[in-house]
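Enquirer: After the structure tokens below, expect a handful of questions from me.
The values are calculated or read from the model by the stated rules, or taken from the named source; none is laboratory data. Since this is a predicted model, take the numbers as computed values, not measurements. Cβ placement follows ideal geometry from the backbone for every residue including glycine, while neighbour counts extend to all protein chains displayed.
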């Protein structure tokens with residue numbers, strides 16, 4: 001049984017169908033890459049999987065751990081083990097990075113955590129991400145640069161320990177160093193949690209140092225090609241032209 | 001799929017609405033309405049010096065000449081003919097809690113006043129309707145030469161001259177109709193004098209409780225902080241809810257001496273039948289600092305714009321305010337600053353939240369005079385509307401008469417963003433908690449400034465509750 005099973009999924013925004021009949025299976029610990037030109041519907045798939053209410057599921061189903069979750073609210077999906085790193089993480093004034101993550105862990109797991117252990121864990125993960133300690137006491141994403149916001153997303157990934165994470169354009173707008181740091185965080189997640197990933201990207205920068213198991217090409221709302229990790233290389237060199245039909 | 005909708009709760013008012021059944025004979029009251037006879041009766045009852053009676057009568061004639069303000073929220077539901085302007089509990093002011101009559105004592109105990117005094121205050125005054133029933137100051141503060149007493153004692157005792165010199169000089173009765181009303185029927189309030197160079201380490205607090213139905217409360221607070229002195233004064237107010245209109249037209253006058261510092265924190269938590277038409281003003285001498293912290297949660301209608309006059313060179317003021325308008329509330333709040341000294345600076349930072357049809361209006365007026373060179377002013381206000389039926393307005397005014405000033409204004413009006421709610425929910429946080437986080441985060445930099453017990457109260461206010469499914 002797959003960890004995530006997407007069957008015949010169609011998704012609309014404001015009545016316009018963006019995704020048509022998507023089928024996709026992701027197994028435990030597998031890393032999948034979803035590529036495609038701008039506007040193909042990649043982020044729509046991520047948002048629909050996470051339960052963004054703006055995205056309406058017009059057909060099909062999403063099974064996670066064998067349960068149909070397509071009617072569940074985002075917090076229930078998170079509690080079931082899903083996570084999404086946002087393309088544009090939102091600024092949340094008045095809540096520090098540290099207290100937010102702690103709050104999220106407590107809500108997600110329903111268990112209290114020891115502050116001393118939490119602090120150690122947070123410091124360790126921030127170090128992996130080259131994230132300066134003072135950031136833990138700053139309001140979540142407020143005034144963060146693009147790179148810092150993405151680091152904060154990956155920090156949440158490492159702290160919340162989901163079994164499946166969607167990374168929506170995590171590499172977009174980052175410089176080479178930031179991509180390297182963020183990749184290191186993702187690698188750590190793969191290794192430590194044996195976490196499954198759906199990496200949404202239209203470049204391939206972030207994939208250079210990651211082991212990719214499967215690649216899917218999304219064009220105009222449909223998956224037009226599947227392959228293994230080598231497909232990334234191919235697209236990198238030749239672009240999407242041959243899939244555009 | 002039925003989407004759940006969550007809502008920010010109203011403040012739990014049960015604590016404030018609680019009251020003991022009182023017997024008529026426990027109180028002395030004047031008749032409803034406002035006449036010369038009533039003003040004279042109050043004056044006799046209070047043992048005013050002659051000049052104060054004259055002051056009251058002059059204020060009354062000013063009151064009769066002035067018009068009701070027509071530029072703000074509607075106050076036509078307030079009829080002075082129905083308002084009892086003076087209600088005196090039949091008890092002398094006490095300096096020990098155990099001597100305060102049980103009903104009154106229990107009321108204040110439920111509000112946590114004696115507890116706060118024990119824990120974190122240098123002195124406490126408690127006013128019940130029109131008169132103070134309790135006043136006490138810690139020995140060590142008295143030893144510093146600090147005077148903290150009720151206005152009546154100050155007026156009829158050794159501080160009469162000081163009162164006469166300052167009383168309604170900053171807020172003259174001609175200022176507006178309700179300032180004139182205050183001048184005519186004022187009663188109660190606190191007098192504070194801090195001698196030069198004295199720093200009062202822990203705050204003083206006055207608590208005003210308006211318990212009588214259909215009554216008005218007109219306390220006068222006069223604070224003089226001398227050169228180089230430092231004081232934090234906290235004012236709290238509450239009242240149980242009645243079906244008739246109550247009126248609060250207090251007056252606060254603050255004199256901040258050279259290089260002195262005063263922080264004045266207020267939590268207004270009047271019930272929703274209250275017309276809160278309060279006037280507060282501070283004047284700063286050279287190098288002085290005035291800090292206002294103002295939380296407006298209660299009342300049916302509020303007009304409240306604490307004003308600071310930065311008269312001395314290098315004086316500075318900060319105003320931090322939060323207003324929470326719920327159902328049936330129209331809260332018109334803000335701040336005024338007049339800068340006439342050189343190199344003066346002011347910073348106004350306010351947040352307002354409106355829900356369930358509440359209206360919250362922010363007004364600011366900053367004037368920088370022609371001689372106030374190298375002065376600075378910054379105004380920042382943010383509003384959050386929690387639903388589609390609530391309203392939020394911003395009315396900033398700036399009058400800058402010198403080219404040598406640095407002035408900034410920033411206003412933001414918004415709703416809770418669905419994207420932000422989704423973002424937080426994607427981390428496993430429930431919808432109602434996500435909304436509560438956003439609202440309390442919005443208020444955070446203001447609630448941080450509140451005295452601790454009020455900050456806790458405010459967090460309780462932003463509690464959330466799931467409502468029935470919709471759609």
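Enquirer: Touching a strand residue (DSSP E or B) at 6+ places or on another chain (Cβ under 8 Å) and either crowded, with 22+ Cβ neighbours inside 10 Å or more than 9 Å from chain B (Cβ to nearest Cβ) (or both): does that describe residue A:43?
Expert: Numbers: touching a strand residue (DSSP E or B) at 6+ places or on another chain (Cβ under 8 Å): yes; either crowded, with 22+ Cβ neighbours inside 10 Å or more than 9 Å from chain B (Cβ to nearest Cβ) (or both): yes.
Criteria met by residue A:43.
Enquirer: Let me ask you something else. Could you count how many residues in region B:203-245 are outside any loop (DSSP other than H, G, I, E, B), out of contact with any helix residue (DSSP H, G or I) (no Cβ under 6 Å at 6 or more places or on another chain) and modelled with pLDDT under 85?
Expert: Qualifying residue count for the region: 1.
Enquirer: Next up: Any residue at all in region B:373-383 that's surrounded by fewer than 21 Cβ atoms within 10 Å (Cβ to Cβ), part of a loop (DSSP other than H, G, I, E, B) and modelled with pLDDT of 95 or more? Working first, answer last.
Expert: Quick first cut of region B:373-383, residues surrounded by fewer than 21 Cβ atoms within 10 Å (Cβ to Cβ) only: B:373-374, B:376, B:378, B:380.
If we keep only those that are part of a loop (DSSP other than H, G, I, E, B) too, we end up with B:373-374.
Narrowing further to those that are modelled with pLDDT of 95 or more: B:373-374.
Yes, region B:373-383 has at least one match.
Enquirer: Separate question: Restricting to region B:29-48, count the residues that are in contact (Cβ under 8 Å) with a residue 60 or more places away in the chain and surrounded by fewer than 15 Cβ atoms within 10 Å (Cβ to Cβ). So that I can check it myself, show each step before the final result.
Expert: Going through region B:29-48, the residues in contact (Cβ under 8 Å) with a residue 60 or more places away in the chain turn out to be B:29, B:32, B:34, B:38-39, B:42, B:46-48.
Narrowing further to those that are surrounded by fewer than 15 Cβ atoms within 10 Å (Cβ to Cβ): B:47.
Final tally of qualifying residues: 1.
Enquirer: Hey, residue A:179 hits all of (1) within 14 Å of another protein chain (Cβ to nearest Cβ); (2) touching a helix residue (DSSP H, G or I) at 6+ places or on another chain (Cβ under 8 Å); (3) more than 18 Å from residue A:25 (Cα to Cα) but one; which does it fall short on?
Expert: All conditions are met except number (1).
Enquirer: Filter region A:80-93 down to the residues that are outside any loop (DSSP other than H, G, I, E, B) and surrounded by 20 or more Cβ atoms within 10 Å (Cβ to Cβ), then identify the one that is farthest from the other protein chains (Cβ to nearest Cβ).
Expert: Here is the first cut: in region A:80-93, the ones outside any loop (DSSP other than H, G, I, E, B) are A:80, A:82-85, A:92-93.
So of that shortlist, the ones also surrounded by 20 or more Cβ atoms within 10 Å (Cβ to Cβ) come out as A:82-85, A:92.
On the way: A:82: 8, A:83: 7, A:84: 5, A:85: 10, A:92: 6 Å.
Per the criteria, the residue is A:85.
Enquirer: Tell me the residue from A:147, A:195, A:185, A:221 that is out of contact with any helix residue (DSSP H, G or I) (no Cβ under 6 Å at 6 or more places or on another chain) and either under 19 Å from residue A:130 (Cα atoms) or more than 14 Å from chain B (Cβ to nearest Cβ) (or both), please.
Expert: A:221
Enquirer: Within region A:10-28, identify whether any single residue is away from chain B (no Cβ under 12 Å), crowded, with 17+ Cβ neighbours inside 10 Å, modelled with pLDDT of 95 or more and within 26 Å of residue A:151 (Cβ to Cβ), and answer yes or no.
Expert: Looking through region A:10-28, at least one residue is away from chain B (no Cβ under 12 Å), crowded, with 17+ Cβ neighbours inside 10 Å, modelled with pLDDT of 95 or more and within 26 Å of residue A:151 (Cβ to Cβ).
Enquirer: Determine if region B:284-299 includes at least one residue that is at positive phi and modelled with pLDDT under 95.
Expert: Restricting attention to region B:284-299, the residues satisfying the condition of being at positive phi are B:287, B:299.
If we keep only those that are modelled with pLDDT under 95 too, we end up with B:299.
Within region B:284-299, one or more residues are at positive phi and modelled with pLDDT under 95.
Enquirer: Here is a follow-up. For residue A:77, work out the one condition from (1) part of a strand (DSSP E or B); (2) under 20 Å from the mean Cα position of the chain (by Cα) it doesn't fulfil.
Expert: (1)
Enquirer: Within region B:167-190, can you find the residues that are over 16 Å from the mean Cα position of the chain (by Cα), buried (at least 18 other Cβ atoms within 10 Å of the Cβ) and not in a loop (DSSP other than H, G, I, E, B)?
Expert: Those that are over 16 Å from the mean Cα position of the chain (by Cα), buried (at least 18 other Cβ atoms within 10 Å of the Cβ) and not in a loop (DSSP other than H, G, I, E, B): B:173, B:175, B:177, B:180, B:181, B:183, B:184, B:185.
Enquirer: Right, residue A:139: facing chain B (nearest Cβ under 8 Å), surrounded by 16 or more Cβ atoms within 10 Å (Cβ to Cβ), within 24 Å of residue B:436 (Cα to Cα) and touching a strand residue (DSSP E or B) at 6+ places or on another chain (Cβ under 8 Å) or not? Don't jump to the end; show me each part of the working.
Expert: On the way: facing chain B (nearest Cβ under 8 Å): yes; surrounded by 16 or more Cβ atoms within 10 Å (Cβ to Cβ): yes; within 24 Å of residue B:436 (Cα to Cα): yes; touching a strand residue (DSSP E or B) at 6+ places or on another chain (Cβ under 8 Å): yes.
Taking the combined requirement at face value, the residue satisfies it.
Enquirer: Being more than 29 Å from residue A:107 (Cβ to Cβ), within 14 Å of chain B (Cβ to nearest Cβ) and assigned to a loop (DSSP other than H, G, I, E, B), is that true of even one residue in region A:50-73? Walk me through it before giving the result.
Expert: In the first step, residues of region A:50-73 are kept if they are more than 29 Å from residue A:107 (Cβ to Cβ); the result is A:58-60.
Filter once more, keeping what is within 14 Å of chain B (Cβ to nearest Cβ): A:58.
Next, from what is left, pick out any that are assigned to a loop (DSSP other than H, G, I, E, B): none.
No, region A:50-73 has no match at all.
Enquirer: Considering only region B:387-431, how many residues are farther than 30 Å from residue B:368 by Cα, touching a strand residue (DSSP E or B) at 6+ places or on another chain (Cβ under 6 Å) and either surrounded by 20 or more Cβ atoms within 10 Å (Cβ to Cβ) or facing another protein chain (nearest Cβ under 7 Å) (or both)? It would help to see each step written out before you state the result.
Expert: Quick first cut of region B:387-431, residues farther than 30 Å from residue B:368 by Cα only: B:387-391, B:415-431.
Subsequent filtering for residues that are touching a strand residue (DSSP E or B) at 6+ places or on another chain (Cβ under 6 Å) retains B:390-391, B:415, B:426, B:431.
Narrowing the set further to residues that are either surrounded by 20 or more Cβ atoms within 10 Å (Cβ to Cβ) or facing another protein chain (nearest Cβ under 7 Å) (or both) leaves B:390, B:426, B:431.
Total satisfying the criteria: 3.
Enquirer: Of the numbered conditions (1) part of a loop (DSSP other than H, G, I, E, B); (2) farther than 27 Å from residue A:11 by Cα; (3) within 14 Å of another protein chain (Cβ to nearest Cβ); (4) touching a helix residue (DSSP H, G or I) at 6+ places or on another chain (Cβ under 6 Å), residue A:159 fails exactly one; give the number of that condition.
Expert: (1)
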